[in-house]
1. Looking only at the range 172-194, which residues are assigned to a loop (DSSP other than H, G, I, E, B) and among the β-branched types (Val, Ile, Thr)?
2. Of the residues that make up the range 46-54, is at least one of a type in the set (Lys, Arg), over 30 Å from Leu210 (Cβ atoms) and crowded, with 18+ Cβ neighbours inside 10 Å?
3. Considering only helices (runs of 4 or more DSSP H) fully contained in the range 207-313, which possess at least 3 residues that are touching a Gly at 6+ places or on another chain (Cβ under 9 Å)?
4. Report yes if Leu82 is outside any helix (DSSP H, G or I), at pLDDT 90 or above and of a type in the set (A, V, I, L, M, F, W, C), otherwise no.
5. Check off (1) of a type outside the set (Gly, Ala, Ser); (2) at pLDDT below 95; (3) over 25 Å from the mean Cα position of the chain (by Cα) for Val239 and give me the number that stays unchecked.
6. Here's a check for you: in the range 256-288, which residue that is out of contact with any His (no Cβ under 6 Å at 6 or more places or on another chain), hydroxyl-bearing (Ser, Thr, Tyr) and farther than 14 Å from Ile213 by Cα is surrounded by the most Cβ atoms within 10 Å (Cβ to Cβ)?
7. Considering Ile213, Ile237, Ile193, which residue is surrounded by fewer than 16 Cβ atoms within 10 Å (Cβ to Cβ), hydrophobic (A, V, I, L, M, F, W, C), more than 20 Å from Gln292 (Cα to Cα) and in contact (Cβ under 8 Å) with a residue 24 or more places away in the chain?
8. Pick out the one residue from Val104, Val130 that is assigned to a loop (DSSP other than H, G, I, E, B) and buried (at least 22 other Cβ atoms within 10 Å of the Cβ).
Amino acid sequence: MTVDNKNTGNTIVMIMRGYWSTAKNIAQDYQARLVNWLRDNQPFIKQKLQQYALLMRLDKPIGVFLLLWPTLWALWIAAEGLPSAHLLLVFIGGVFLTRSAGVVMNDYADRDFDAHVERTKMRPLATGKVSAREALAVAFILTACAFLLVLTTNRLTVLLSFVAIPLAVIYPYMKRHTYVPQLFLGLAFSWGIPMAFAAQTNAVPRIAWLLFIANILWAMVYDTIYAMVDRQDDIKIGVKSTAILFDDADRVFIGIFQTMLIAVFIIIGRQMQWGIFYFSALLVTAGLCIYQQYLIKDRLPAQCFKAFLNNNWLGAIVFAGIILHYFFNA
């Protein structure tokens, strides 16, 4: 190596060291500024995170469970037993993220109504503690994270996911234009079923669509009961629901949907040739439907809300029947 080449090499090394030292100093400076900002704004940040948690209904997980149970039904049936850890992570995480995004969009759509309803008037958007722009940003981040999970599956599941997004977005607005927004909720809450089958088997067989129909019927049951809680407030502010549509025949229609639900579950069981564990679970499920009818007999809001919450047990019992069947027939 010549002297000139040596000098050039030394110069390059010195320049690189200078750049590295400058970059390091800049990074340390920004780190110090960030730490100071976080420390100085800790109360504000804590309060904002608490409001975002309330916006996502982290304090009220019932919606997560109502979306989770049918997804787990589908995963276990598609896998004929325990699904892979990967798909469990994708779909359980996806349920949490999409439900959270869904309730944020629901509150965004209802931000002008919620302040006039006793049960919802303290929600973050209704009180102004979270802005509409913040809510949209939170919903976008949650949806993007859910989509990243879907991207780890196969092409068919990814394609099906593009239907899930518009279903979640249009549901909150249906209560302004139709008396059956519960049907659209059922579609949105059921779309994880064909996606679960697609992820597990790369196909959506007929049994998936039977389960899809069953879940729509179930959503019509529990969301009509839920709408009975707010019926008087909804009438005043012009929000539509099946509870308003059915009026005094609400319990009759709920009973019809419950009967159809059990019938579809029986068809599924017979087609899958399931045995005593599943059909015993259906017997308990039918008992829960009768109990819910008892709770709503006087249409008292508190009792209707209790009947709504009871649907968590209904979904869990059906899941238990499916699990026990595959466990003992492995």
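The values are calculated or read from the model by the stated rules, or taken from the named source; none is laboratory data. Not measured: the values here are computed from a predicted model. FYI the Cβ positions are ideal-geometry reconstructions off the backbone, even for glycines, and counts take in every protein chain you see.
1. Going residue by residue through the range 172-194, those that are assigned to a loop (DSSP other than H, G, I, E, B) are 178-180, 191.
The answer is Thr178, Val180.
2. Going residue by residue through the range 46-54, those that are of a type in the set (Lys, Arg) are 46, 48.
Imposing the further condition that a residue be over 30 Å from Leu210 (Cβ atoms) reduces the set to 46, 48.
Applying the additional criterion that residues be crowded, with 18+ Cβ neighbours inside 10 Å yields none.
Checked against the condition, which is being of a type in the set (Lys, Arg), over 30 Å from Leu210 (Cβ atoms) and crowded, with 18+ Cβ neighbours inside 10 Å, the range 46-54 yields no hits at all.
3. So the answer is 276-295.
4. Values: outside any helix (DSSP H, G or I): yes; at pLDDT 90 or above: yes; of a type in the set (A, V, I, L, M, F, W, C): yes.
Judged against the criteria, Leu82 is a match.
5. Going through (1) of a type outside the set (Gly, Ala, Ser); (2) at pLDDT below 95; (3) over 25 Å from the mean Cα position of the chain (by Cα) one by one, Val239 breaks only (3).
6. Thr285
7. Matching residue, one of Ile213, Ile237, Ile193: Ile237.
8. Val130
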